[in-house]
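The values are calculated or read from the model by the stated rules, or taken from the named source; none is laboratory data. Predicted model, so just to flag it, every value in this text is computed and none were measured. Here the Cβ is made from the backbone with ideal geometry for all residues, glycine too, and neighbour counts use every protein chain on show. We work out accessible area using only protein heavy atoms, side chains counted, and drop any ligands, DNA or RNA first. Shrake-Rupley method; radii C 1.70, N 1.55, O 1.52, S 1.80 Å.
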Amino acid sequence: MATTEAEPPLNILWLTGGSCDGCTMSALGGIDPQLEALLLGRITGLRPVQLHHPILAFEAGEAFLADYRRAAEKNPPPFILVVEGSIFDSTAGGAGAFSGMGEETGRPITVTDWLDRLAPAATAIIAVGTCATWGGIPAAAGNPTGAMGLTAYLGAAYRSQADLPIINIPGCAPPGDNFVETLIYLLLHLAQEIPLDLDDWHRPRWMYADTTHLQPAHADYLPEVISRSDLAVPCRVPVQGWMNHVGGCGNIGGACNGCTMPGFPDQMLPLTQISIQS
């Protein structure tokens, strides 16, 4: 089904849980393709979209929340929900709340409240970053928040209105190109132009086909540094670079600590501890 210029913009509602906002910064730094090109309608054949983001919005307060509230009503217009950050267990907050957006009756509307309202009606959901996909650093052992990934909260059987699972884009943070590229493929899929090829972890298959080995950070003052693991993790940063095909983790001397994997950081960091070969 080909798109037409007469179609109204498709709303993209961005929801942030336990996050450093690194995935937002990464998406803004995407080059090929640029987020701006998508939002300005410069990508041929795609339906126009309108991004609603709590950091990037001009509106504030109830004016900003209006589209979120409309999406939570019965039979809302189609929308894509993007989730950044871990999902905190709201029951662990006692009388308080760990994260929220807006208020009702003097209480914060928690992220889990928004998920309960929006997820059943969403045309599709994208979990961007390892915090949103698997729980990430906020879910590390000993945290008091009960942080978890989106699949753990909504359940592995979740399907959107377009009969899609949660689309996962793990990484801490994933390169910005990855989010925009996935969004474009999703829009083409919703327009019935292409299939959406996801792997068993519901990641874009082509995006996580390259692998890299876990390794500690480079340290020139050590005689020889070796990794304690031969585990290879799915990540194309060494091939793709970070921004504009430059930089990224091991490319600039940093560690590959398996940040795209479930179980990061607890299960990955012990495998990348620095060892000095005598």
What figure, in Å² to the nearest 10, do you get for the accessible area of LEU269 with a 1.4 Å probe and non-protein molecules left out? 80 Å²
Loop-only check: which GluC sites (Glu not before Pro) in the range 24-118 are DSSP coil with at most 15 other Cβ within 10 angstrom? GLU59, GLU73
Just to be sure I understand the curve: with the Debye formula and one point per C-alpha of the range 74-142, what is log10 I(q)/I(0) at q = 0.13, 0.14, 0.26 Å⁻¹? -0.43, -0.49, -1.22
From the residues PRO144, LEU56, TRP134, which one has its Cα farthest along the dipole of the range 1-144 in the positive direction, the dipole being from +1 and -1 charges on Cβ of Lys/Arg and Asp/Glu about the Cα centre? TRP134
Based on alpha-carbon centroids, what's the gap between the range 68-88 and the range 158-208 in Å, whole number please? 17 Å
Quick calc: nm separation of the 7 Å Cα→Cβ label points for ASP199 and GLU73 -> 4.2 nm
Quick check on the range 112-192: what does the Kirkwood estimate of hydrodynamic radius come out to from the alpha carbon pairs, in Å? 13.5 Å
Dividing the mean separation of Cα pairs under 8 Å (6+ apart) by the residue count of the chain yields a relative contact order in percent of 19 percent
As a percent rounded to 5, the proportion of antiparallel DSSP bridges among beta bridges in the chain is 40 percent
Divide by every residue of the chain the summed helix terms, -39500 (n - 2.57) for each DSSP H run of at least 4, and state the resulting mean residue ellipticity at 222 nm, rounded to the nearest 500 deg cm²/dmol. -5500 deg cm²/dmol
Under-5 Å amide H pairs with ASP266, H placed in peptide plane, nonlocal only: ALA141
Run the numbers for ALA63 and ALA232: contour at 0.36 nm per residue of separation, minus the present Cα-Cα distance, in nm. 56.2 nm
Compute, for the chain, the length of the dipole vector about the Cα centre, with Cβ point charges of +1 (Lys, Arg) and -1 (Asp, Glu) only. Units Debye, rounded to 20. 220 debye
Which residue, GLY176, GLY258, GLY96, tops the fluctuation ranking in a GNM of the chain built on C-alpha contacts under 10 Å? GLY96
At 7 Å along the Cα-to-beta-carbon direction for both CYS20 and ASP89, put a label point, then send me their distance in nm to one decimal. 2.5 nm
Given H placed 1.01 Å from N in the peptide plane, which residues other than close sequence neighbours of LEU15 have an amide H under 5 Å from its amide H? VAL82, VAL83, GLU84
Taking H placed 1.01 Å from N in the peptide plane, check which residues at least 5 places from ALA72 or on another chain put their amide H under 5 Å from its amide H. none
Averaged over all directions, how much area does the convex hull of the C-alpha atoms of the chain cover when projected, in nm²? 16.2 nm²
Using the Karplus equation 6.51 cos²θ - 1.76 cosθ + 1.60 (θ = phi - 60°), what ³J(HN,Hα) coupling, rounded to whole Hz, does each residue of the range 37-53 give in order, writing x for Gly and Pro? 5, 5, 5, 8, x, 9, 9, 4, x, 9, 5, x, 10, 10, 8, 10, 10
Label the range 13-57 by shape, choosing from rounded, prolate and oblate, from the square roots a ≥ b ≥ c of the eigenvalues of the Cα gyration tensor; if a/c is under 1.5 it is rounded, and otherwise prolate applies when a/b is larger than b/c, oblate when it is not. oblate
Take the solvent-accessible surface of the protein heavy atoms, probe 1.4 Å, and return the percent of it on the chain that carbon and sulfur atoms account for. 54 percent
Rounded to the nearest 10 Å², what accessible area does HIS245 have for a 1.4 Å probe in the complete protein model? 110 Å²
Whole-angstrom gap from the range 128-144 to the range 5-55, using each part's C-alpha centre: 24 Å
Solvent-accessible area per residue for the range 44-142 at a 1.4 Å probe radius, Å²? 45 Å²
Given a 1.4 Å probe and the protein chains all in place, what does the accessible area of CYS172 round to, in Å² to the nearest 10? 70 Å²
